[in-house]
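Structure record follows, encoded as structure tokens.
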Amino acid sequence: MGRKKGATLIHDGPPDDFDPENPYKDPVAMLEMREYLVREKWIDIEKAKILREKVKWCYRVEGINHLQKCRHLVHQYLESTRGIGWGKDHRPHVFHGPKVEATAE
């Protein structure tokens, strides 16, 4: 019963048969798509939590030099929290949008 010990679940991505123009056409694909979106959101949230812990650790270790030494971690954390989360009601409106992907030129 349940998963075998040591077995990992592999999720490829969104369902292939989901139609965004008519999402109610296939209810199973719609539920799979919803599960996929929730799973991806949880992954983003957990990544942000890990980065937050790294920032806390860096602040404690570096002490007075944390502004210079932890700057890259703070920028990573802020970018990871942009556009994620379940409730964003008290955040400034500039942070509510989707993440902006960096383009290599």
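From His96, His90, grab the single residue that is modelled with pLDDT under 90, under 25 Å from Arg39 (Cα atoms) and loosely packed, with under 10 Cβ neighbours inside 10 Å.
His90
Within the stretch 23-70, how many residues turn out to be closer than 15 Å to Thr81 by Cβ and among the small types (Gly, Ala, Ser)?
Total satisfying the criteria: 1.
Can you name every residue in the stretch 58-75 that is buried (at least 16 other Cβ atoms within 10 Å of the Cβ) and within 18 Å of Lys47 (Cα to Cα)?
Scanning the stretch 58-75 gives Cys58, Cys70, Leu73, Val74.
Would you point out the residue of the stretch 10-51, among those that are hydrophobic (A, V, I, L, M, F, W, C), open to solvent by 80 Å² or more (accessible area, probe 1.4 Å) and under 30 Å from Leu73 (Cα atoms), that is modelled with the lowest pLDDT?
Ile10
The values are calculated or read from the model by the stated rules, or taken from the named source; none is laboratory data. Predicted model, so just to flag it, every value in this text is computed and none were measured. No Cβ is skipped: glycine too gets one built from the backbone with ideal geometry, and neighbour counts run over all protein chains shown. Each accessible area value is taken on the protein alone, full model and side chains, heavy atoms only, with ligands, DNA and RNA left out. Shrake-Rupley method; radii C 1.70, N 1.55, O 1.52, S 1.80 Å.
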